[in-house]
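**Q** Dropping a structure here in structure tokens format, bear with me for questions.
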Amino acid sequence: MPEITSSTGSADQPTFIIGNWKMHGTRDALAQATAIGLGASRLNAGPTCRDAGPVPPARLKFVICPPATLLSEMARTLDAGMTRGERSPVALGAQDCHWAPEGPYTGDISAHMLADAGAEYVLIGHSERRSLHHENGPMIRANGVAAGAAGLIPIWCVGENSRGEGFGPGFGDSLGGGATISNQLAEALPANPALPLIIAYEPNWAIGTGVIPEGGEIAEMAALLRHAASQRCPVRPEDVLVLYGGSVRPENAGAILALQGINGVLVGGASLTAEKFLAIGAEAISPAR
Ligand code: PGA
């Protein structure tokens, strides 16, 4: 059996707090983005940093993935909330992209267009795209390759449909127990993906349900994904960043973010209000961790 290490991901990377707004939000919601921008600045320049002199590189990387219709205006709004022409500490992401740079694809949006609108990241292969839009492995791979070519950082989403599917007997004996997610990863990842390599482990049964895996399950899946990715791509396990997503709330974020090998969270419902989203970020730097 190949040894699965439980490395924690690259130490110089910030903790990612990524909000997936899904199909929620009109221009009224830009006020939430402004509040997230102000809160993110405060969290990244906490009292310990102020006392220590110059503010160190951001410890928390906030990313909002709004509906594509809001990207351009949100980019402007976030930067307008800063003083002295600084860039906002909040980056923007898109929720999906098409594999072609342009063409006769009614209703689709290319990675290049998303980058032009202000996105820096893009979710690739989210379970709702897989189940509701029938995105399969080859399509997901092509979308991720297009994202990288357009200068976006893909966030590769994987997750099993039902609890236990990823943890069959034998998970500890072979990679077979995590077959669903390692297969999804093998189908999706190109040989040379855009870096940093970010994978979001999102069990479908945890999305929007309020039920989350045990901490040990999440940590084991993170180790499995890190190992599987490093087998497939020229990247060291410790340089693979693994996020957890599925019913992340302020109440459970601290425990999730403290897990071995978890570099951040992908948040759906609780990212729609600044108060909850920032509370999740605050958990990442809480002294209790
Ligand atoms: P949730 O969604 O936090 O509402 O469960 C997460 C996701 O689908 O990315």
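**Q** In Å², what does the accessible area per residue of the chain work out to with a 1.4 Å probe?
**A** Result: 45 Å² of accessible area for each residue.
**Q** Still on this structure: Give me the percent relative contact order of the range 204-285, please, defined on Cα pairs under 8 angstrom at least 6 residues apart.
**A** 30
**Q** Through the Karplus equation 6.51 cos²θ - 1.76 cosθ + 1.60, θ set to phi - 60°, convert the phi angles of the range 12-23 into ³J(HN,Hα) values in whole Hz; use x for Gly and Pro.
**A** For the range 12-23, the Karplus-derived couplings read 8, 8, x, 7, 8, 10, 10, x, 9, 7, 6, 8 Hz, x marking Gly and Pro.
**Q** What 222 nm value per residue comes from the helices of the chain, counting each DSSP H run with n ≥ 4 as -39,500 (n - 2.57) and dividing by all residues, nearest 500 deg cm²/dmol?
**A** -10500 deg cm²/dmol
**Q** Hey, got the dipole for the chain? About the Cα centre, +1 on K and R Cβ, -1 on D and E Cβ, debye to the nearest 20?
**A** So the dipole magnitude of the chain works out to roughly 540 debye.
**Q** From the phi of every residue in the range 28-41, what ³J(HN,Hα) in whole Hz does the Karplus formula 6.51 cos²θ - 1.76 cosθ + 1.60 yield, where θ is phi - 60° and glycine or proline is x?
**A** Residue by residue, the range 28-41 yields 4, 7, 4, 4, 5, 5, 4, 5, 5, x, 5, x, 5, 4 Hz.
**Q** In terms of solvent-accessible area of protein heavy atoms at a 1.4 angstrom probe, what is the ranking of Met23, Met113, Met82, Met74, highest value first?
**A** Putting Met23, Met113, Met82, Met74 in descending order of accessible area: Met23, Met113, Met82, Met74.
**Q** Given H placed 1.01 Å from N in the peptide plane, which residues other than close sequence neighbours of Leu259 have an amide H under 5 Å from its amide H?
**A** none
**Q** Viscosity 0.692 mPa s, temperature 37 °C: give me the Stokes-Einstein translational D for the chain in µm²/s, with Rh taken as the Kirkwood radius over C-alpha pairs.
**A** 172
**Q** Return the long-range amide H neighbours of Gly245 (sequence gap of 5 or more, or a different chain), with a cut-off of under 5 Å between placed amide H atoms.
**A** For Gly245, the qualifying residues are Tyr201, Glu202, Leu266.
**Q** Continuing with the same structure: Long-range amide H contacts for Phe62: which residues qualify at under 5 Å (H placed 1.01 Å from N, peptide plane, sequence gap of 5 or more or a different chain)?
**A** Ile17, Ala91
**Q** Carbon-plus-sulfur fraction of the accessible area of the chain, 1.4 Å probe, in percent?
**A** 54
The values are calculated or read from the model by the stated rules, or taken from the named source; none is laboratory data. Quick caveat: nothing in here was measured; it's all calculated off a predicted structure. Glycine also receives a Cβ, built like all others from the backbone with ideal geometry; neighbour counts cover every protein chain displayed. Heads up: the accessible areas ignore ligands, DNA and RNA and are worked out on the full protein's heavy atoms, side chains in. Shrake-Rupley method; radii C 1.70, N 1.55, O 1.52, S 1.80 Å.
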